[in-house]
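The values are calculated or read from the model by the stated rules, or taken from the named source; none is laboratory data. What you see is a predicted model; the values in this text were computed from it and never measured. Note: ideal-geometry Cβ built from the backbone for every residue, glycine included; neighbour counts use all protein chains shown.
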Amino acid sequence: MKLLLLCLGLTLVCTYSEGEMEVVKNFEPSKIIGKWFTILIATDQKERIEESGTLRIFLDHIDVLKNASLLFNFHRLDNGQCLEVSTACNKTDQDGIYTASYDGQNLVSIADVKYDEYLIILMKNENNFQVILLYGRQPDVRKKIKKKFMEFSDRHGIVEGNIIDMTKVEDPCLQA
Ligand SMILES: *[C@@H]1O[C@H](CO)[C@@H](O)[C@H](O)[C@H]1NC(C)=O
Ligand SMILES: *[C@@H]1O[C@H](CO)[C@@H](O)[C@H](O)[C@H]1NC(C)=O
């Protein structure tokens, strides 16, 4: 009971902790290097994935840096223009879990992956919201993978109305 009260009082600490992050076993960072397409994004703060939202992002490619950080290169619409962003995610002492500084501090976990097909990333932000991303090696993924993603999001309490299909969103950087 004491622990429960502590969690209620410190929701942040209890949800923003590595302990309960789902993560793939035997994650091999070098295998996620390269080109990815953004397929679906789910979040519990919908405005962040609406037009010009900071999480309505198109991933371009992932690199692994010499210091073992992952570098996510992506772009999004900002003030009507294409904005390119790179974010380095530091390794933690738990395989497959990283820290990222984007809209605040985040814990990022590689929740599911098939290296030549898809990648599911779960991001927990210190400001009490989560984001789940589905990336594909091709511009779209099999229905079965999308279904898996929907179930994963549902388990994390994200309703279907808070999921955006990025394959149907016009890419702000493709116009010129
Ligand atoms: C790793 O290198 C990147 C790029 O220089 C940097 O942004 C990041 O903070 C570094 N991480 C660590 C743990 O030193
Ligand atoms: C990564 O590590 C570097 C060096 O310790 C630090 O300056 C940077 O703020 C860290 N970034 C994140 C997102 O944790």
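Go through region 107-137 and count every residue that is surrounded by fewer than 22 Cβ atoms within 10 Å (Cβ to Cβ) and within 13 Å of ligand 2 (Cβ to nearest atom).
Number satisfying all stated conditions: 1.
Kindly evaluate GLY136 against the criterion of being in contact with an Asp or Glu (Cβ under 9 Å, 6 or more places away or on another chain), among the small types (Gly, Ala, Ser), within 25 Å of VAL169 (Cβ to Cβ) and without any contact (Cβ under 8 Å) to a residue 40 or more places away in the chain. Even if it seems obvious, please write down each step before you answer.
Values: in contact with an Asp or Glu (Cβ under 9 Å, 6 or more places away or on another chain): yes; among the small types (Gly, Ala, Ser): yes; within 25 Å of VAL169 (Cβ to Cβ): yes; without any contact (Cβ under 8 Å) to a residue 40 or more places away in the chain: no.
So GLY136 fails the test.
So that you can scan it fast, the table gives a plain yes or no per residue for (1) among the acidic types (Asp, Glu); (2) closer than 18 Å to GLN45 by Cα; (3) touching a His at 6+ places or on another chain (Cβ under 7 Å):
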{"site": "GLY80", "(1), (2), (3)": "no, no, no"}
{"site": "ASP95", "(1), (2), (3)": "yes, no, no"}
{"site": "ASP103", "(1), (2), (3)": "yes, yes, no"}
{"site": "PHE129", "(1), (2), (3)": "no, yes, no"}
{"site": "ASP140", "(1), (2), (3)": "yes, no, no"}
{"site": "ILE158", "(1), (2), (3)": "no, yes, no"}
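Given (1) away from ligand 2 (no atom under 16 Å from the Cβ); (2) farther than 23 Å from GLU151 by Cβ; (3) surrounded by fewer than 18 Cβ atoms within 10 Å (Cβ to Cβ); (4) in contact (Cβ under 8 Å) with a residue 12 or more places away in the chain, identify the lone condition not met by ASN73.
ASN73 satisfies every listed condition except (1).
Checking the conditions here, which among ASP103, ASP63, ASP95, ASP78 is under 18 Å from ASN125 (Cα atoms) and acidic (Asp, Glu)?
After ruling out the rest, the residue left standing is ASP103.
Just to be sure before I move on: is LYS114 out of contact with any helix residue (DSSP H, G or I) (no Cβ under 7 Å at 6 or more places or on another chain), modelled with pLDDT of 95 or more, of a type outside the set (Val, Ile, Thr) and within 14 Å of ligand 1 (Cβ to nearest atom) in the structure I sent? Explain how you work it out, then say what you get.
Working: out of contact with any helix residue (DSSP H, G or I) (no Cβ under 7 Å at 6 or more places or on another chain): yes; modelled with pLDDT of 95 or more: yes; of a type outside the set (Val, Ile, Thr): yes; within 14 Å of ligand 1 (Cβ to nearest atom): no.
Taking the combined requirement at face value, the residue does not satisfy it.
Which condition from (1) among the small types (Gly, Ala, Ser); (2) away from ligand 1 (no atom under 16 Å from the Cβ); (3) surrounded by fewer than 18 Cβ atoms within 10 Å (Cβ to Cβ) is the one that GLY53 breaks?
The one condition GLY53 does not meet is (3).
Scan region 11-48 residue by residue and report those that are of a type in the set (Val, Ile, Thr), buried (at least 18 other Cβ atoms within 10 Å of the Cβ) and at pLDDT below 95. Give the derivation first.
Within region 11-48, the subset of a type in the set (Val, Ile, Thr) is 11, 13, 15, 23-24, 32-33, 38-39, 41, 43.
Okay, now just the ones that are also buried (at least 18 other Cβ atoms within 10 Å of the Cβ), so 32, 38-39, 41, 43.
Residues satisfying the conditions do not exist here.
May I ask you to list the residues in region 79-94 that are surrounded by 15 or more Cβ atoms within 10 Å (Cβ to Cβ) and away from ligand 2 (no atom under 11 Å from the Cβ)?
Hits for region 79-94 are CYS82, LEU83.
Can you pull out every residue in region 77-92 that is under 20 Å from VAL108 (Cβ atoms) and touching a residue at least 40 places away in the same chain (Cβ under 8 Å)? If you could, list the steps in order and put the result at the bottom.
Here is the first cut: in region 77-92, the residues under 20 Å from VAL108 (Cβ atoms) are 84-92.
Hits for region 77-92 are GLU84, THR92.
Sort out which residues of region 56-70 are within 16 Å of ligand 2 (Cβ to nearest atom) and surrounded by 19 or more Cβ atoms within 10 Å (Cβ to Cβ), and write them in order of number.
ILE62, LEU70 - these are the residues of region 56-70 that are within 16 Å of ligand 2 (Cβ to nearest atom) and surrounded by 19 or more Cβ atoms within 10 Å (Cβ to Cβ).
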